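All remarks here apply to the structure that follows.
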Amino acid sequence: MSTARTAASAAPIAQTIPTADPAAATAAHSAANPQALETIRAIDDFYRRADELYRQAAWRMGLADCAFDILYALVEEDGLTQKQLCERGFSSKQTVHSSIKRLVANDLVALRGNSPRTTGVYLTERGRAEYEGHIRAVLAAECEAVDIFTPEEQRQLTAAMERYINALDRKLAALTFR
């Protein structure tokens, strides 16, 4: 992403793009910065490929995607609430709730707490015995994959990703659809 334009250098281009016609805006931006669409496609491909890699790992463990996400989060930090699990697993409340019900029924997790807002989800002994080793192996693979980068490259990668997601957040928040 070293070829990405800075916000300051992109400002004149953004001002010349007609916002009333999204197709014209895309075409104008593509002409001004042909690398942009290629970068967007690459980012989308990275997300899809990563999602598929985790889906395959979950499947090989005999888990649905959401169940994997829940167990992954609980191995890192036991006792998370359903809301926290939704945030960490990028899943809806309904999906997380249904998955937790199945995990409870299979004695892989247990619920503890006084109210829905404070009830934590915890790995059971069976859940820990069956899945903690597998999840830790996934975590180790992630660490080994990140280790292909030097510490400085890791900082640059996370800084670039943070800049991108913050810029995307600002741009999407400014859009009106009605």
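No value in this document is a laboratory result; all are computed from the given coordinates. This structure is a prediction, so every number in the text was calculated from the model and none was measured. Here the Cβ positions follow ideal geometry from the backbone for every residue, glycine too, while neighbour counts run over all protein chains shown.
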Taking R0 as 25 Å, what FRET efficiency do you get between residue 41 and residue 87 from their Cβ-Cβ distance, rounded to the nearest 0.05?
0.35
Which chymotrypsin sites (Phe, Trp or Tyr not before Pro) in the stretch 75-174 pass both tests, a DSSP loop state and at most 14 other beta-carbon atoms within 10 Å?
90, 149
Simple spin-label estimate for residue 168 and residue 140 in nanometres, 7 Å along Cα-Cβ:
3.2
For the stretch 83-94, Karplus couplings with θ = phi - 60° (6.51, -1.76, 1.60), whole Hz, Gly/Pro x
4, 4, 5, 4, 5, 7, x, 6, 10, 6, 4, 5
